[in-house]
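Before any comments, here is the structure.
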Amino acid sequence: MLALQLLLNGIALGAAYALVALGFVLVLNATGAVNFAQGDLVMAGGILAAALAPLLPVPGLLLLPLVLALMAGLGLLLSLAAYLPLRHRPPVAVFISTIAVGIMLQNGVTVLFGPEPRAAPPLLGGGTLDLAGLVVPEQSLAIVAVAALLIGGQQWVFGRTQLGRRLRATAQDPEMARACGVPVTAMVMATFALAAAYAGAAGLLLANQFFVTPTAGGDLILKAYIAVTIGGWGSVPGAVAGALLIALFEVGVSSVLSYPVALGALYVTLLAILVFRPQGLFGEVARRRA
C-alpha cells in the first residue's frame, strides 16, 4: 500500500513537472530557442494563485481558468519583449533575453509580494479518499486529472484543429509555413502564450503542497531541461516521460534512501542516457546525408 501511495504521489508531482517541460518544448519547437524564463513563469503562476486566493476565496480549480488567462497574457508580453525583436539575431541573444526576463520576474515578485514562501489553495480540498484501504490525497488525484486534461487538450488542438495545424507547421518549417499563408509571427506568439499558461497551471498545482518563493524558478527550469534531455529534444511524449521519471526519483527513491542520494541517482541516469542514447528516450537519431 505504501508503494502504491508513493507511486501516486510521484505521478502527481510528475504531472505538474510535465506541464513545465511541455511549455519548454513548445517554445523550443516553434522558435528553435530555449526559454530560460519558463521556470520563473511557473513561480509567477504559483505566486499569482496565492495572491488571488484572498480576493477570490474559491477552490484552486475555479482559480485555474483565471490563472491560465493571465499567464497567457504574460506569455504574449514575453514573446514581444524577449523573442520577436531578437529572432534574427544569434540564438544566444534570446537565451540572454529570457534569462533577463526571469531575473526581472524574480525581483518584481520579491518587491510586490516579499520573499516569504506562499501557498496556493488546493484544487478541490485538503482531504483524503480511502480507495480499498489506500489513503489517497484529493489534491494528488486532482493534479493528475487537471494535468492530463490540459495535456490531452493540447494534443487535441494540435491534432484536430486548424490552429493546431498552423502551430505544427510553424514549428516544423516556418519559412514554408509563411509561404503557404500561415501567420508565423502570430503562431509564435500563441505558442509563448500557451507555454506560459501551462507554466501558470503548474505553478498553481505545485504551490499548494510545495510553498513557492520568488527564487523557485531556477530549480524548476533545471528540471524541465533535464526532462527534455531525458525524453529527447523536441519530443512532447519524451518531455512528459522525462518529467515523470524525475518525480519518481524524487518521491520513490528518496523515500527508500535519501533525497541527496535520489538526486545523485537521477544525474547518474541522465549521464547514462547521454552516453548510450544521446538523442533521448523518444528522440530520433540524427541522420547525415551521404
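Rule-based calculations on the coordinates, nothing more; no lab input. If you're wondering where the values come from, they're calculated on a predicted model, not measured in any experiment. No Cβ is skipped: glycine too gets one built from the backbone with ideal geometry, and neighbour counts run over all protein chains shown.
With the chain treated as a Gaussian network of Cα nodes joined by springs under 10 Å, which of Leu74, Leu22, Leu206 yields the largest mean-square fluctuation? In this elastic network of the chain, the residue with the biggest mean-square fluctuation among Leu74, Leu22, Leu206 is Leu74. Cβ-to-Cβ counts within 10 Å put Met43, Met187 in ascending order as Met187, Met43, the fewest first. Applying 0.36 nm per residue to the separation of Leu4 and Leu222 and subtracting their alpha-carbon distance, the gain on full extension is 75.7 nm. Taking θ as phi - 60° and the Karplus parameters 6.51, -1.76 and 1.60, the scalar couplings of region 255-260 work out to 6, 8, 10, 7, 5, x Hz in sequence order, x denoting glycine and proline.
Between Met176 and Val268, the modelled labels are 4.4 nm apart [label points 7 Å from Cα along Cα→Cβ]. Protection proxy ranking, highest mean first, for peptides 98-110, 144-156, 260-272: 98-110, 144-156, 260-272, where packing is the per-residue count of other beta-carbon atoms within 10 Å, averaged. Each residue of region 54-100 gets 91 Å³ once the volume of the Cα convex hull is shared out per residue. Computed over every Cα-Cα pair of region 140-261 and binned at 10 Å starting from 0, the pair-distance distribution P(r) comes out as 11, 34, 35, 14, 5, 1 percent.
Both radii come from the Cα set of region 2-276: Rg as radius of gyration, Rh as Kirkwood radius; their ratio Rg/Rh reads 0.97. The mean sequence separation of alpha-carbon pairs under 8 Å and at least six residues apart, normalised by the residue count of region 152-196, gives a relative contact order of 26 percent. Extension gain for the segment Ala81 to Val256, taken as residue separation times 0.36 nm less the Cα-Cα distance, is 58.5 nm to one decimal.
Given an 8 Å cut-off on Cα distances and at least 6 residues of separation, report the relative contact order of the chain as a percent.
Details: 490 pairs, mean separation 103.2, N = 290.
Relative contact order, the chain: 36 percent.
Once the cut-off is 16 Å, how many percent of the Cα-Cα pairs in region 104-185 end up in the long-distance tail? Pairs farther apart than 16 Å: 72 percent. Spin-label pair Val275-Ala51: with each label point 7 Å from Cα along the Cα-Cβ axis, the two points sit 4.7 nm from one another. Connecting C-alpha atoms closer than 10 Å in a GNM of the chain, tell me which of Ala247, Ala227, Ala81 has the biggest fluctuation. In this elastic network of the chain, the residue with the biggest mean-square fluctuation among Ala247, Ala227, Ala81 is Ala81.
What ranking do Phe210, Phe249 get, fewest neighbouring Cβ atoms within 10 angstrom at the top? The partial results should precede the final answer.
Numbers: Phe210 15, Phe249 22.
Neighbour counts put them in this order, fewest first: Phe210, Phe249.
Note the per residue figure in Å³ for the convex hull of the C-alpha positions in region 203-290.
Looking at region 203-290, the number lands at 112 Å³ per residue.
A convex hull fitted to the Cα coordinates of region 211-258 yields 87 cubic angstrom per residue.
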